[in-house]
Amino acid sequence: MKLHLIQWLIQGIPECIAVFFLGLVLFEKRLNIKKALIPGLMQAIILYLVRLFPLPFGIHTLIAIISLSILLSYVSRGRYSKALIISFFVYMALGLSELALLPAASYLLNMPLEIIFNQPLLLTLVGLPQVFILILLAFLVNLFHNKRKNHNGKNFQGAK
């Protein structure tokens, strides 16, 4: 599916940064939005260029997963296999959020999905909440990890 420039600017770039941010939190177990900005922008450029080609359905998602895993393993200096698993999880979270949000938006706007999909700006605006969901998910993962780390640390210190 071809991506319009307005979609890329308003949704594509923030979404790729949010995707990389969530992946980074899962990979490194700490928040670092600054570390996610440049690789997220690189991911957005890669995906924009990929969408310029008439590829079969699903190929751009496969390329997105592979490029995210390469960027994650490079930035975090970690194992590619771990980055690949995290990339699958992140794109699964993105897909599930789209699966929930698009029908909800269709219902709330009282507009069929076909009409939403045929209007690039409307589709972009409807897709923006998933960016916030990914960022919220990253914060929740970080919060859970910190609570777990603190809980384990207290148990360990109490055993002395």
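Here are some notes:
- Selection of first residues in the stretch 141-157 that are closer than 23 Å to LEU22 by Cα and of second residues that are in a helix (DSSP H, G or I) and modelled with pLDDT of 70 or more, restricted to Cβ pairs under 6 Å at least 6 apart or on distinct chains, gives the following pairs, ordered by first then second residue: VAL141/VAL25; ASN142/VAL25.
- Filtering the stretch 22-43 to residues that are over 21 Å from VAL126 (Cβ atoms) and of a type in the set (A, V, I, L, M, F, W, C) leaves LEU24, VAL25, LEU26, PHE27, LEU31, ILE33, ALA36, LEU37, ILE38, LEU41, MET42.
- Scanning the stretch 7-62 for residues that are of a type outside the set (A, V, I, L, M, F, W, C) and touching a residue at least 60 places away in the same chain (Cβ under 8 Å) yields GLN7, GLN11, PRO14, GLU15, GLY23, LYS29, ARG30.
- Count - residues of the stretch 1-42 that are within 17 Å of ASN146 (Cβ to Cβ) and modelled with pLDDT under 90: 6
- Under the condition of being touching a residue at least 24 places away in the same chain (Cβ under 8 Å) and within 13 Å of LEU137 (Cα to Cα), the residues counted in the stretch 88-113 number 6.
The values are calculated or read from the model by the stated rules, or taken from the named source; none is laboratory data. Remember, predicted model here, so these are calculated numbers, not experimental data. Neighbour counts are summed over all protein chains in view; Cβ atoms, including those assigned to glycine, are modelled from backbone coordinates with ideal geometry.
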